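The values are calculated or read from the model by the stated rules, or taken from the named source; none is laboratory data. As the structure is a prediction and not an experimental result, all values here were calculated from the model. Cβ: placed from backbone, ideal geometry, glycine included. Neighbour counts: every protein chain shown. Areas reflect the complete protein model, heavy atoms only, side chains present, ligands, DNA and RNA absent. Shrake-Rupley method; radii C 1.70, N 1.55, O 1.52, S 1.80 Å.
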Amino acid sequence: MTEFVDGWIFGHTLGEGAYGEVKLLLNKSTGEAVAMKMIDLEKHPDARQTVRKETAIHRMLSNPNIVQYFGKRSEPNMEYIFLEYASGGELFDRIEPDVGMSAWEAQKYFRQLISAVEYLHSKGVAHRDLKPENLLLDENDNLKISDFGLATIYRMQGKERCLERRCGTLPYVAPEVLLRPYHAEPADIWSCGIILVALLAGELPWDQSLAECPEYMTWRNGKYMSFTPWRKLDNSSLSLIKNILTHSPSSRCTIQDIKRHRWFVKKFQKAGSIEGYIRPDETDSRQVLEDENLTRFCLSQPELPGIETNTVQINLEERAGFSFSQPAHIEDLLLCTQVQNKFTQASQQNTFQRLVRRMTRFFVKTELEETVKRLINSLNNENYTCRINDCGTITISSMDRRKMPLVFKANIVEMDGKILVDFRLSKGCGLEFKRRFVKIKSLLEDIILKGPVTWPIAVATECMP
């Protein structure tokens, strides 16, 4: 274990993004766990102002569905941001590729998302990069919005401004953001609609919401019903999504409209079925959409209250000269699927050195060297580009179905006499990463330990760069 400062030690890497990594930080005495986001200012000198803005916004926020900000520490060449550790992992990890999840689960997470976004807008804050990779889960399976690196304040003392910055992750970005200027609230609401499609269908509807994208134009022209993902949806959810993913922001439904919609208020059975559930057919669904007559008004949130400043600070003594190597530089703030600003944040834990829960890992029966050999052979047979370092971390590169680069890592570590193979997304689409993981896991089926696994109380440590 590597010590950061007196009493605080590093656990495993939780995630990485455009400007650095997020590491698990543990207190040796109390077992307290926090996520530490690290930004290398030597490699990214432009990030200092971004960090200042991100932390200023985070200090304003206190909501059960938003990752809590604990404090930050500045060094000449590094910035450290301390955040709540969300032990449930990322929401995208709960989405089965091309299937999604049960309606009951989707509704639960979507309600929590809408509640958090409503709170943000009440503070005059726009997130501007809402996607499943930026939605975390705590130990009680409650959703928490993370990563405020692209967030901004759009309303102060009742005065609202239009936004100009072209930013976000393309499949989730509202069409008006690509044209500019745009209103903040409808743009965030659009992203929530795309997230709902991903939750219910396990796929994204299009690469970007532009006329050049045929999938988007099929949707906009109302000729989508025979295509996926729309044919997977029932009438009620499709009705809600239709009203959210409306091209014109002035016609798009508001958060209050969403909260009144019948899908949002319907009581689903926990198994995912609902009373009177009917699979959609084209005629019925179109009739439902034509009958939907919600009153829509843009920009209807309350004014900004006073800024809260009573933030809890973590007091860590100075330690100079500490830094990590960073991922590739981002060329543009508008993040395509292959270069998402993916910082996996995290939530306070009472259990010392507890692993974050993720579905993209498994234990194997083979020894370390045999496991590495089997995995590398399987990856080569699937035409992946692989490289391995001395610590057993395999970096895997490929192109996804949208012809965008996809990069993920497999860490192979020994824990309590067992070999753990732990996959983590580095760059690219979370759903596509999950798709690839499922395929790779199936190729190793004969060596995977079956049945329930008792997770060891330990931290999967990694070599420091």
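Any idea how many residues of the range 253-272 are outside any loop (DSSP other than H, G, I, E, B), touching a residue at least 60 places away in the same chain (Cβ under 8 Å) and over 24 Å from the mean Cα position of the chain (by Cα)?
If we filter the range 253-272 for residues that are outside any loop (DSSP other than H, G, I, E, B), which is where we start, we get 255-260, 262-265.
Okay, now just the ones that are also touching a residue at least 60 places away in the same chain (Cβ under 8 Å), so 255, 258-259, 263-264.
With the extra rule that they be over 24 Å from the mean Cα position of the chain (by Cα), the set shrinks to none.
Residues flagged as outside any loop (DSSP other than H, G, I, E, B), touching a residue at least 60 places away in the same chain (Cβ under 8 Å) and over 24 Å from the mean Cα position of the chain (by Cα) within the range 253-272 amount to 0.
Out of (1) open to solvent by 10 Å² or more (accessible area, probe 1.4 Å); (2) touching a Leu at 6+ places or on another chain (Cβ under 8 Å), the odd one out for Glu96 is which?
The failed condition is (2).
Return the total of residues in the range 130-171 being part of a loop (DSSP other than H, G, I, E, B), polar (S, T, N, Q) and surrounded by fewer than 23 Cβ atoms within 10 Å (Cβ to Cβ).
Within the range 130-171, residues that are part of a loop (DSSP other than H, G, I, E, B), polar (S, T, N, Q) and surrounded by fewer than 23 Cβ atoms within 10 Å (Cβ to Cβ) number 3.
Checking Gly89 against (1) open to solvent by 10 Å² or more (accessible area, probe 1.4 Å); (2) under 30 Å from Ile241 (Cβ atoms); (3) among the small types (Gly, Ala, Ser), which test does it fail?
(1)
This table checks each residue for (1) within 19 Å of the chain's Cα centre (by Cα); (2) touching a residue at least 40 places away in the same chain (Cβ under 8 Å); (3) open to solvent by less than 10 Å² (accessible area, probe 1.4 Å).
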{"position": "Glu21", "(1), (2), (3)": "yes, yes, no"}
{"position": "Leu24", "(1), (2), (3)": "yes, yes, yes"}
{"position": "Asn27", "(1), (2), (3)": "no, no, no"}
{"position": "Met36", "(1), (2), (3)": "yes, yes, yes"}
{"position": "Glu42", "(1), (2), (3)": "no, yes, no"}
{"position": "Pro45", "(1), (2), (3)": "no, no, no"}
{"position": "Lys53", "(1), (2), (3)": "no, yes, no"}
{"position": "Gly71", "(1), (2), (3)": "no, yes, yes"}
{"position": "Leu83", "(1), (2), (3)": "yes, yes, yes"}
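Mind counting the residues in the range 172-204 that are part of a loop (DSSP other than H, G, I, E, B) and either open to solvent by 10 Å² or more (accessible area, probe 1.4 Å) or of a type in the set (A, V, I, L, M, F, W, C) (or both)? Break it down into steps so the answer makes sense when it comes.
Step one: filter the range 172-204 for residues part of a loop (DSSP other than H, G, I, E, B), giving 173-174, 179-181, 183, 202-204.
Keeping just the survivors that are either open to solvent by 10 Å² or more (accessible area, probe 1.4 Å) or of a type in the set (A, V, I, L, M, F, W, C) (or both) gives 173-174, 179-181, 183, 203-204.
Residues flagged as part of a loop (DSSP other than H, G, I, E, B) and either open to solvent by 10 Å² or more (accessible area, probe 1.4 Å) or of a type in the set (A, V, I, L, M, F, W, C) (or both) within the range 172-204 amount to 8.
Conditions first: (1) under 26 Å from the mean Cα position of the chain (by Cα); (2) modelled with pLDDT under 50; (3) aromatic (Phe, Trp, Tyr). Phe297 passes all but one, so which condition is the exception?
Condition (1) is where Phe297 drops out.
Please enumerate the residues belonging to the range 369-419 that are of a type in the set (S, T, N, Q), exposed (fewer than 14 other Cβ atoms within 10 Å of the Cβ) and part of a strand (DSSP E or B). Lay out the reasoning, then the answer.
Initially, the range 369-419 is screened for residues of a type in the set (S, T, N, Q), giving 371, 377-378, 380-381, 383, 385, 389, 393, 395, 397-398, 411.
Adding the requirement that they be exposed (fewer than 14 other Cβ atoms within 10 Å of the Cβ) leaves 377, 380-381, 383, 385, 389.
The answer is Thr385, and nothing else.
Against the definition (touching a Pro at 6+ places or on another chain (Cβ under 8 Å) and surrounded by 19 or more Cβ atoms within 10 Å (Cβ to Cβ)), how does Ile57 come out, yes or no?
Values: touching a Pro at 6+ places or on another chain (Cβ under 8 Å): no; surrounded by 19 or more Cβ atoms within 10 Å (Cβ to Cβ): yes.
It is false that Ile57 is touching a Pro at 6+ places or on another chain (Cβ under 8 Å) and surrounded by 19 or more Cβ atoms within 10 Å (Cβ to Cβ).
Testing Asp422 on (1) open to solvent by 60 Å² or more (accessible area, probe 1.4 Å); (2) modelled with pLDDT under 90; (3) closer than 11 Å to Thr360 by Cα, one condition comes back false. Which one is that?
(1)
So which residues in the range 212-252 are surrounded by fewer than 18 Cβ atoms within 10 Å (Cβ to Cβ) and assigned to a helix (DSSP H, G or I), if there are any at all?
Pro214, Glu215, Met217, Thr218, Arg220, Arg231
Tell me which of these Val67 doesn't satisfy, since it passes every other one: (1) more than 16 Å from Leu150 (Cβ to Cβ); (2) crowded, with 24+ Cβ neighbours inside 10 Å.
Against the list (1) more than 16 Å from Leu150 (Cβ to Cβ); (2) crowded, with 24+ Cβ neighbours inside 10 Å, Val67 comes up short only on (1).
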